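Structure first, commentary second.
The values are calculated or read from the model by the stated rules, or taken from the named source; none is laboratory data. All figures in this text were calculated on a predicted structure; none of them were measured in a lab. Cβ placement follows ideal geometry from the backbone for every residue including glycine, while neighbour counts extend to all protein chains displayed.
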Amino acid sequence: MQFPAWDPVLFDIPGLPIDIRWYGLMYVVGFVLAQWIMVRLARRGFFPVKPEVAPDLVFYCVFGVMLGGRIGYAMFYGEGMLNPLKFLQVWEGGLAFHGGLAGVAVAIWLFCRRHRVPWLCVADTCALAVTPGIFAVRVANFINGELFGRATTKDTPFAMQFPTDDRASQLLGIGPGWPMRDRELCIQVAFGKRTFADVRPELHETDLDGRAIDWLAVAPKLDWAKVSKVTVDGEPYVPYRHPSQLYEAVGEGLLLGLVLAVLWWATRHRSLPRGRFAGIFMVGYAAIRGGLEFVRQPDAHLGIVALGMTMGQLLSVGVLCGGVLMLIAPRLWPATGPAAGADPS
């Protein structure tokens with residue numbers, strides 16, 4: 001397959017340092033769909049609050065996802081973001097799912113204290129509402145060309161060469177210390193989406209360390225058709241890789257979402273123990289994420305962390321344990337209030 005090289009910036013706002021990016025837009029899409037699902041579940045009696053209160057949970061979860069995801073990324077993947085100035089530079093990316101999950105757990109607790117509803121009922125509601133957002137954000141990861149998979153053979157179904165690969169960047173003349181937007185614009189030129197003359201006014205004169213960039217030397221190298229065909233000893237210099245972002249979109253978002261939706265539909269007229277949907281979501285996510293880590297490229301600065309596992313797999317073990325606990329130990333929580341899964345209609 002050929003990488004589509006869509007511009008990560010959907011709309012460039014002239015005169016402002018902030019652009020409308022696919023990545024940010026997909027978070028908005030995820031939250032909007034989550035609110036729609038939560039309101040419908042409240043009308044069905046599954047989410048034990050009034051329908052007009054349901055959007056409040058999204059408000060809590062937005063902060064939980066953003067703060068938890070950012071803190072989790074800083075702790076597990078990018079220690080440099082523990083610097084307060086770097087932490088606030090959200091336009092540079094950097095959100096971790098497992099940190100976001102922890103942040104949502106705290107947000108749910110705060111929501112439950114405010115509205116006096118059972119924690120597990122709210123957790124079940126979030127489990128049913130979150131998967132469309134996971135699907136959308138993983139698609140945005142693919143558009144950004146980030147979090148790509150491990151190297152494989154050209155004959156592997158769906159395998160593709162990513163221009164964001166270090167070897168590709170080397171051949172394209174793109175420096176690792178360049179501003180993110182400069183790298184993106186150069187990739188657009190390399191794929192013929194834009195001309196160099198068109199993007200030149202938008203490019204910086206220096207990299208992030210203050211070193212001058214010789215654009216006259218870079219411009220002739222921006223040719224993906226040539227770069228993708230470079231070989232060494234008969235093998236492509238830019239390796240073919242699994243598009244693991246799309247695997248995760250289908251597995252963590254679409255497939256897991258369908259399983260939860262079918263389970264809800266099949267049990268909508270009878271009660272399930274509280275926490276059942278949240279437990280299935282956590283076990284399912286951990287299993288899918290842990291399995292797909294075998295074809296996802298480990299973070300270069302982390303590699304294999306412990307016990308032969310990547311950081312994603314190690315954190316997923318914790319999610320798996322939490323999900324199993326929810327499934328096998330429902331008696332740990334009180335059984336007051338409307339039962340999860342109840343449908344008054």
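Below is a table of values for the structure above.
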| read-out | value |
| --- | --- |
| Residue in the stretch 167-193 that is nearest to the chain's Cα centre (by Cα), counting only those that are surrounded by 13 or more Cβ atoms within 10 Å (Cβ to Cβ) and without any contact (Cβ under 8 Å) to a residue 24 or more places away in the chain | 183 |
| Tally of residues being more than 16 Å from residue 7 (Cα to Cα) and either surrounded by 20 or more Cβ atoms within 10 Å (Cβ to Cβ) or not charged (D, E, K, R) (or both) across the stretch 137-164 | 12 |
| Which listed residue is assigned by TED's automatic domain parsing to the domain that holds residue 140, in a loop (DSSP other than H, G, I, E, B) and in contact with a strand residue (DSSP E or B) (Cβ under 9 Å, 6 or more places away or on another chain), from 273, 298 | 298 |
